[in-house]
Structure formats: structure tokens, C-alpha cells
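One structure below.
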Amino acid sequence: MSRDNKPTGPSQRMLRVGELVRHALADMFQRGDVEDDALHGAVITVPEVRMTPDLKIANAYIMPLGGEHAEEIVAALNRHRKFIRGRVAPQINMKYAPEVRFYVDDTFAEASRIDSLLRSEKVQRDLADDDGDDN
């Protein structure tokens, strides 16, 4: 909580429902319930699902194994949103099923970019210079 008593991050309920939706989506993708040519043979990972505070929208971040054709797969999943919502609803046991929106998860690419920056010669040189400055 911040000074004005407003929550600064997601509530426990948002996190719990997000995990339920994530597991339901992962199970559905593993079984291959969604039939679309773009999804044929794709292994899809669901690293995170973020819920809106009213729990009406689930933003699912997905990444196909290897990262290939990610945009096509996201477009295919968004085309089948109503079907997916109908399959997720019974598994999460809520009064109203959230609308699911799919996005490409770029956290792996961002982590790789940061890692390569930290391993760059310039950063290594700066770290080596800092070691001798301890007085």
C-alpha cells in the first residue's frame, strides 16, 4: 500500500484468478482443443495472465516454443476468444467468465537483451574500474 492507502499492485484475488486462468489455458493448449491451422503443431507457453481489477478481462501473455510465428499464433488465439472463454469458464468456477485477450510475451526477449548488455565489454570494463576504487 502507498501512503494514501491505495493498492500499488494487483490484489491477491487478481493474482489467484490469473493463476487459475493461466492453468486452464495451459491445459487447453496442451490438449490441443483450439483447432486452427496457425496453431497446428505449436507448443504454447503461458507465462503470465494479468487480470483487470474488476476480473472481467484476462490479459494472457503467450509465447510459442522457440518464439517462432508468435504474432500469427496470437492472432489465431484472439480469433477463437469466445470458444476459449467457454472452455475456461467451467474450470475457474466464477460467476462470470473473464474475456480473454492474448498478447505476445516479450519478457524473455527483454531479459536476454538485459543479459547481453550486462555481459558487454563496456559494462565489464566499468566493473573492473570500480574494483580498484574501494578506499
Residues that are out of contact with any Phe, Trp or Tyr (no Cβ under 7 Å at 6 or more places or on another chain), small (Gly, Ala, Ser) and on the phi > 0 side of the Ramachandran plot: does the stretch 38-46 have at least one? yes
Using the structure shown, decide if Ala76 is touching a residue at least 12 places away in the same chain (Cβ under 8 Å), surrounded by 14 or more Cβ atoms within 10 Å (Cβ to Cβ), in a loop (DSSP other than H, G, I, E, B) and more than 15 Å from the chain's Cα centre (by Cα). no
Of everything in the stretch 39-59, what is closer than 18 Å to Ala70 by Cβ, touching a Lys or Arg at 6+ places or on another chain (Cβ under 9 Å) and of a type outside the set (D, E, K, R)? Give them in sequence order. Val46, Pro47, Val49, Asn59
Identify the single condition in (1) surrounded by fewer than 10 Cβ atoms within 10 Å (Cβ to Cβ); (2) not in a helix (DSSP H, G or I) that Gly66 does not satisfy, given that it satisfies every other one. (2)
Mind counting the residues in the stretch 77-126 that are among the basic types (Lys, Arg) and within 18 Å of Met51 (Cα to Cα)? 6
Could you say which residue among Ala89, Ala60 is more than 21 Å from Thr107 (Cβ to Cβ), in contact with a Phe, Trp or Tyr (Cβ under 9 Å, 6 or more places away or on another chain) and not in a loop (DSSP other than H, G, I, E, B)? Ala89
Looking only at the stretch 86-135, how many residues end up being within 17 Å of the chain's Cα centre (by Cα) and modelled with pLDDT of 75 or more? 11
Among (1) surrounded by 12 or more Cβ atoms within 10 Å (Cβ to Cβ); (2) in a loop (DSSP other than H, G, I, E, B), where does Pro53 come up short? (1)
Find all pairs meeting these conditions: Cβ atoms under 8 angstrom apart; at least six residues apart or on different chains; first residue within the stretch 111-132 and within 30 Å of Pro47 (Cα to Cα) and surrounded by 10 or more Cβ atoms within 10 Å (Cβ to Cβ); second residue β-branched (Val, Ile, Thr) and at pLDDT below 80. Leu117/Val123
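The values are calculated or read from the model by the stated rules, or taken from the named source; none is laboratory data. These figures come from a predicted structure and were not determined experimentally. So basically every Cβ, Gly included, is an ideal-geometry build from the backbone, and we count neighbours across all protein chains shown.
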